[in-house]
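The values are calculated or read from the model by the stated rules, or taken from the named source; none is laboratory data. Not measured: the values here are computed from a predicted model. Here Cβ is always computed from backbone atoms with ideal geometry, including for glycine, and neighbour counts include all displayed protein chains. Heavy atoms of the whole protein, side chains included, go into the accessibility calculation; ligands, DNA and RNA do not. Shrake-Rupley method; radii C 1.70, N 1.55, O 1.52, S 1.80 Å.
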Amino acid sequence: MFHVGPTGSAHKLKLINNFLSLGAAALAAEAASMAATLDVSQQKLLDICSQGGANSAMLAPVMEWVLERECTKLKFSLGNAEKDMNYLTETLATYQARSAMLPPLCAFLTRAKEDQGDESFVPTAYDSCVQK
């Protein structure tokens, strides 16, 4: 357990943590789509990126979906992801603060939720990135 400050601080920190996590998941999904579009092995993308600075707690779960069509490692719905990022948007507005990265992440999550469904898990957002 962590004491993070006055009442409400833990909730704000949770939203910021989810922003970092969901942003990493969105980047992993886009990177996997780019690899497919550019005829680069998605397995090699995972093998190499998981060994360096691009590794994150989100890379493996997204790539599990991309490579195996399984979603066992990240069972957080797109609906919850979108909801949390909307809460973060509202919280920032309350503080009259801005974010350059939050609006595109919100748009990404909204599109993925509309494409894949509210209850689909975050890694399935990859399917919204795939060039058709």
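For the reader, a short list of remarks on this structure follows.
- Within the stretch 2-15, the residues that satisfy the criterion of being in a helix (DSSP H, G or I) and open to solvent by 80 Å² or more (accessible area, probe 1.4 Å) are 11, 13, 14.
- Hits in the stretch 67-112 - residues which are more than 18 Å from residue 24 (Cβ to Cβ) and not hydroxyl-bearing (Ser, Thr, Tyr): 68, 69, 70, 79, 83, 86, 90, 92, 93, 96, 97, 98
- Failed item, numbered, when residue 82 is tested on (1) loosely packed, with under 15 Cβ neighbours inside 10 Å; (2) within 15 Å of residue 122 (Cα to Cα); (3) acidic (Asp, Glu): (1)
- Counted residues, the stretch 16-38 - those being surrounded by fewer than 12 Cβ atoms within 10 Å (Cβ to Cβ), free of Cβ contacts under 8 Å to residues at least 24 places away in the same chain and either in contact with a Lys or Arg (Cβ under 6 Å, 6 or more places away or on another chain) or farther than 18 Å from residue 106 by Cβ (or both): 1
- Of the helices (runs of 4 or more DSSP H) contained entirely in the stretch 18-132, those carrying at least 1 residues that are at pLDDT 95 or above, more than 14 Å from the chain's Cα centre (by Cα) and of a type in the set (Asp, Glu) fall at 42-49, 59-68, 78-94, 102-116.
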